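The values are calculated or read from the model by the stated rules, or taken from the named source; none is laboratory data. Note that the coordinates shown come from a computational prediction; the quantities given were computed from them, not determined experimentally. Here the Cβ positions follow ideal geometry from the backbone for every residue, glycine too, while neighbour counts run over all protein chains shown.
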Amino acid sequence: MIDLAAGMRIMRRVDELAVISADPERLTRTFLSPEHRRANDLVRSWMREAGMAVHIDAIGNVVGRYEGERPGLPALLLGSHLDTVRDAGRYDGMLGVVTAIECVAQLQRAQQRLGFAVEVIGFGDEEGVRFGATLLGSRAVAGTFDRGALAARDSDGIALADALRAFGLDPETLPAAARTPQELLAYVELHIEQGPVLERAGLGVGCVTSISGATRLAFELIGQAGHAGTVPMTARRDALAAAAEAILCVEQRCGAEAGLVGTVGRIEAKPGAVNVIPGYCRFTVDIRAPDDAQRTRAVAEVKGAIRGIGERRGVAVELTTLHENSAAPCAPWLMQQIDGAIEAQQLPALRLPSGAGHDAMAMAAIVDIGMIFVRCAGGISHHPDERISTPDAALGAATLAQFVRDFAPLRRARA
């Protein structure tokens, strides 16, 4: 049952968190910062109010636990992240944490205990803004944290290891943040969609099928600079013209298949004078798909096509792979139960992939994952104009609460 008052409580709490920022003019909250500590303290107070036992784990995540019918039962883990990008919107990450707390508060008000524990986690780092490595909080919980990241430094030269110490944590105890598959039944994350699909469908919530894998590439095209007035068009080795053709190639190839997306987000040409043929160009390509085979095939074809463009135009092509991340499919049994929770709100259960990364990607290493998307106005995210409506916040809470109440665990075997 949709409770508009729950939506109003969620919106007020998201607004309270949005005030906690390193910049009074825009929302920016990074990992292990004073603002991170203040956000943890506020969320911790809400968790306690909802009847949870609360602690800060070894990486700085805030964790609340609502026991089941008896202490020590395996837990259904809910949550999202509390850090932001720079000049952020207020719902990305925070909505999932606050909504999960609201669902536990409803159980407490009803004096209801379930056949499993419910835990809520506010991950300290998903965005990777401060140290350049994403999903630090959830990777630590999943036991896949790369200790090499402890040497990473922020823009002020502070190493991650030193930032942990300044936060009151010990880098040597990081393994203590890791959970085991035996402790957890599933990880389910509610999140704004960050895209326009639900809005176009006229639906407030949807069920995520998979978090897209991503490949990021950097291309360098080396041609020959020359005088803009004296080199004939047929004799040019124009690196920027080759890049323009390559960019259209990315758009055409990735636009040819449903679910596949490709973006050229950065381009630089040299020498950069109005009367000089560009002899050098560098650009990036980001290719994503919910299916790894689809993405791998597209990446190979884009690489081959751009090399062919360079050969035909007399421009050398050099390629660097910047990032490679596999897709994280949501578990079918969890999708089925999420569908049921959506249908209980008298809505059709729309399934859609996530093109953005989420903490669920890291959590998939130890537990089955599911995700609920909430409609995002205009599909705008990572921007101050990021918006959801109060009725949609209430709908998201009703859907997640229904899922939790009806949750039927399925333990999976792991090697």
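Is one or more of the residues making up region 24-40 part of a loop (DSSP other than H, G, I, E, B), surrounded by fewer than 14 Cβ atoms within 10 Å (Cβ to Cβ) and either outside the structural domain of residue 363 (by TED's automatic domain parsing) or not acidic (Asp, Glu) (or both)?
Yes; the residues of region 24-40 include at least one that is part of a loop (DSSP other than H, G, I, E, B), surrounded by fewer than 14 Cβ atoms within 10 Å (Cβ to Cβ) and either outside the structural domain of residue 363 (by TED's automatic domain parsing) or not acidic (Asp, Glu) (or both).
Only one of 245, 220 is in contact with a Lys or Arg (Cβ under 6 Å, 6 or more places away or on another chain), surrounded by fewer than 22 Cβ atoms within 10 Å (Cβ to Cβ), at pLDDT 95 or above and not basic (Lys, Arg); which?
Exactly one of 245, 220 is in contact with a Lys or Arg (Cβ under 6 Å, 6 or more places away or on another chain), surrounded by fewer than 22 Cβ atoms within 10 Å (Cβ to Cβ), at pLDDT 95 or above and not basic (Lys, Arg), namely 220.
Evaluate the following for residue 63: is it buried (at least 21 other Cβ atoms within 10 Å of the Cβ) and either modelled with pLDDT of 95 or more or not in a helix (DSSP H, G or I) (or both)?
So residue 63 passes the test.
Looking at 255, 265, which is the one that is under 23 Å from residue 361 (Cβ atoms) and either touching a Leu at 6+ places or on another chain (Cβ under 8 Å) or surrounded by fewer than 20 Cβ atoms within 10 Å (Cβ to Cβ) (or both)?
265 is the lone residue from the list that is under 23 Å from residue 361 (Cβ atoms) and either touching a Leu at 6+ places or on another chain (Cβ under 8 Å) or surrounded by fewer than 20 Cβ atoms within 10 Å (Cβ to Cβ) (or both).
Go through (1) at pLDDT 95 or above; (2) over 22 Å from residue 95 (Cα atoms); (3) among the hydrophobic types (A, V, I, L, M, F, W, C) one by one and return the number of the condition residue 214 breaks.
Of everything listed in (1) at pLDDT 95 or above; (2) over 22 Å from residue 95 (Cα atoms); (3) among the hydrophobic types (A, V, I, L, M, F, W, C), residue 214 misses just condition (1).
Among the residues of region 81-122, which ones are within 16 Å of the chain's Cα centre (by Cα) and either hydroxyl-bearing (Ser, Thr, Tyr) or assigned to a strand (DSSP E or B) (or both)?
Result: 81, 84, 91, 121, 122.
Restricted to region 357-366, and to residues that are modelled with pLDDT of 95 or more and surrounded by fewer than 24 Cβ atoms within 10 Å (Cβ to Cβ), which residue is farthest from residue 210 (Cα to Cα)?
Among those residues, the one meeting the criterion is 366.
Go through 375, 307 for me and flag whichever is of a type in the set (Lys, Arg) and in contact with a Leu (Cβ under 6 Å, 6 or more places away or on another chain).
375
Taking the criterion of being closer than 30 Å to residue 246 by Cβ and out of contact with any helix residue (DSSP H, G or I) (no Cβ under 8 Å at 6 or more places or on another chain), would at least one residue in region 329-350 satisfy it?
No: region 329-350 contains no residue that is closer than 30 Å to residue 246 by Cβ and out of contact with any helix residue (DSSP H, G or I) (no Cβ under 8 Å at 6 or more places or on another chain).
In region 253-301, which residues are under 30 Å from residue 232 (Cβ atoms) and either of a type in the set (Ser, Thr, Tyr) or in contact with a helix residue (DSSP H, G or I) (Cβ under 9 Å, 6 or more places away or on another chain) (or both)?
The answer is 264, 267, 269, 270, 277, 278, 279, 280, 281, 282, 283.
Among (1) in contact with a Leu (Cβ under 7 Å, 6 or more places away or on another chain); (2) not in a loop (DSSP other than H, G, I, E, B), there is one condition residue 125 misses while meeting the rest; what is its number?
Exception for residue 125: condition (2).
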